[in-house]
Every structure is written in C-alpha cells, then in structure tokens.
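Student: This structure is in structure tokens; I'll ask about it shortly.
The values are calculated or read from the model by the stated rules, or taken from the named source; none is laboratory data. Fair warning: this is a prediction, and the values are worked out from it, not measured in the lab. Don't worry about glycine lacking a Cβ; one is built from the backbone with ideal geometry, like all the others, and counts go over all protein chains shown.
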Amino acid sequence: MKEQALKRLCEFMVKDESLPLFGFSNLVFGEGDASARVLFIGEAPGANEDREVRPFVGRAGQLLRRMIREIGWTEEGVYITNIVKRRPPENRDPTPEEIAAYRPYLTRQVDIIDPEVIIPLGRFSMNYFLPDAKITRDQGKEFHVGGRIVVPLFHPAAALRAPEMMRQFEGSFRRLPGMISIGRKDGDPFGFEQESKGDSGDRSNSRGISQPTITEEAGERTNIEQESLFA
Ligand code: URA
C-alpha cells in the first residue's frame, strides 16, 4: 500500500539525524492522497507549517489551497509536500546543501506516489526537475520528465508579494486542468476524484507508455535509497 510505504518513509526520515535542521524544527512530511495524480512541491515549511506539522497552511498555503479548489480539484485528491521538510531558521531560503540532503527522500516520495503530474512551486523545486529552467520564463509551461508532466508555477508566496506575479500565478493555475487533460487517451477532464488508480504503481499498461521514474532517469542512487526500509 502506498500509504504504508509513505508512513514508513516518514518514520525513517523523522529519525534521520544526519538531515540538516534535525532538532531545530519539526519534520513536515506532506499530506494528501497517497495515490494522487497531481503532486505539488514547495520549498520548505515556514513557521505556521512547523507549528501545525502540515505543509502550506500559512498565507501562501491558503492561496494554494484556494486555487486548487477554484479549478475544481480537491486538497484531499492531490498531494502537497516540500523539497526540504524542516523549516530553515528565520524562513530563509533552503541552502543547496539542505536541498541535496533532502533530495533522496523527495525522490523516494515521488516514486511511491507516482503522480502523472508534478507542479513545482517556485524555482527551488522547479530546478530539482528542470535544472536549466528559469521560473519567470518557464512558469506555466508543460515539460515532460521521466514520463511525467511537470508544470512549474510561481511560488504562491511570490505571487502574494507582487501583483504581476499573482496575475500569472492565477492564470497558469486556471490553465492546469485543460493542459493536463491534453494527451490523455480517454480525454477525461482530469476526473481524478472519481477515478482510483489503485496501488499497483505501474501505469505502463493503462497509459500505454513506458514510465521510467525520475530516479531512474536521473541515475540517482544513494545509500539511503537502497535501504530496505525504503522498499
Ligand atoms: N512555503 C513553502 O514552500 N512550503 C510550505 O509548506 C509553506 C510555505
């Protein structure tokens, strides 16, 4: 079961003292449907998220969650997480070292959920999937990475700071349902609320295409990922 696999990953991660920010702030693993077809990935928890031990619950989170509902999706039907899963001090940006340390866990989390669509929020999470992309140039565009659709968006906190970014953030968000149904063989308007993928994790049959994981494509193999606990 995907829920069980995520739970085990979370339990393993909570105990990983080698992770930066261990002991400084809570581990905010992520929440939503373990079989979600859409995965939103932010940067790192802030103070509100640290307090509630939930991702995206502050002002930026309220904007994100309002937009999810506005386009007809549900917060429970998607999955929401961050690259770095503990709050950095004073809400500073995550450092490259922190991102690198948390990266194998995100890779494993993506592998388990196995979403069709990944929506990185902001440049840090966008660059995890698209190292050469520029957020101002590429937000709202559709990319294909390891058999998944990746659509980077501005971080909602950035949208809250600048009206022009808000305009683009909302515009790109509202285009998501249309973009994501393109290319689906059945042409469904992304009815993930009605449709259950099951837990097989193998969509090569249902989508008729081979689905290499991001891990495989990036050739990323770490000691952590080979731990049997992650299996
Ligand atoms: N910003 C993020 O990137 N993630 C959160 O969970 C909250 C704010």
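Student: With the requirement that a residue be aliphatic (A, V, I, L, M), within 17 Å of Pro156 (Cα to Cα) and touching a residue at least 40 places away in the same chain (Cβ under 8 Å), what does segment 83-140 give you?
Tutor: Ile83, Val84, Ile118, Ile119, Leu121
Student: Filter segment 80-99 down to the residues that are acidic (Asp, Glu) and either away from the ligand (no atom under 13 Å from the Cβ) or in contact with an Asp or Glu (Cβ under 6 Å, 6 or more places away or on another chain) (or both), then identify the one that is modelled with the highest pLDDT.
Tutor: Looking at residues that are acidic (Asp, Glu) and either away from the ligand (no atom under 13 Å from the Cβ) or in contact with an Asp or Glu (Cβ under 6 Å, 6 or more places away or on another chain) (or both), I get Glu97.
Student: Among the numbered criteria (1) buried (at least 19 other Cβ atoms within 10 Å of the Cβ); (2) at pLDDT below 95, which single criterion is violated by Gly23?
Tutor: Result: Gly23 passes all but (1).
Residues are listed down the side, and each one gets a yes or a no for (1) farther than 30 Å from Phe24 by Cα; (2) surrounded by 21 or more Cβ atoms within 10 Å (Cβ to Cβ); (3) not aliphatic (A, V, I, L, M):
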| position | (1), (2), (3) |
| --- | --- |
| Ile99 | no, no, no |
| Tyr102 | no, yes, yes |
| Tyr105 | no, yes, yes |
| Gln109 | no, yes, yes |
| Ile118 | no, yes, no |
| Phe124 | no, yes, yes |
| Tyr128 | no, yes, yes |
| Lys134 | yes, no, yes |
| Asp138 | yes, no, yes |
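Student: Also, I was wondering about something else. Take the conditions without any contact (Cβ under 8 Å) to a residue 24 or more places away in the chain, among the basic types (Lys, Arg) and within 13 Å of the ligand (Cβ to nearest atom) and apply them to Arg69. Does it pass?
Tutor: no
Student: I'm trying to understand the selection: among the residues of segment 3-47, which are within 12 Å of Tyr105 (Cβ to Cβ), aromatic (Phe, Trp, Tyr) and part of a loop (DSSP other than H, G, I, E, B)?
Tutor: Within segment 3-47, Phe29 is the sole residue that qualifies.
Student: Now for a separate question. Does Arg8 fit the bill of being farther than 24 Å from Thr74 by Cα and more than 12 Å from the chain's Cα centre (by Cα)?
Tutor: yes
Student: Got a number for residues in segment 13-64 being within 10 Å of the ligand (Cβ to nearest atom), on the phi > 0 side of the Ramachandran plot and not aromatic (Phe, Trp, Tyr)?
Tutor: Residues flagged as within 10 Å of the ligand (Cβ to nearest atom), on the phi > 0 side of the Ramachandran plot and not aromatic (Phe, Trp, Tyr) within segment 13-64 amount to 1.
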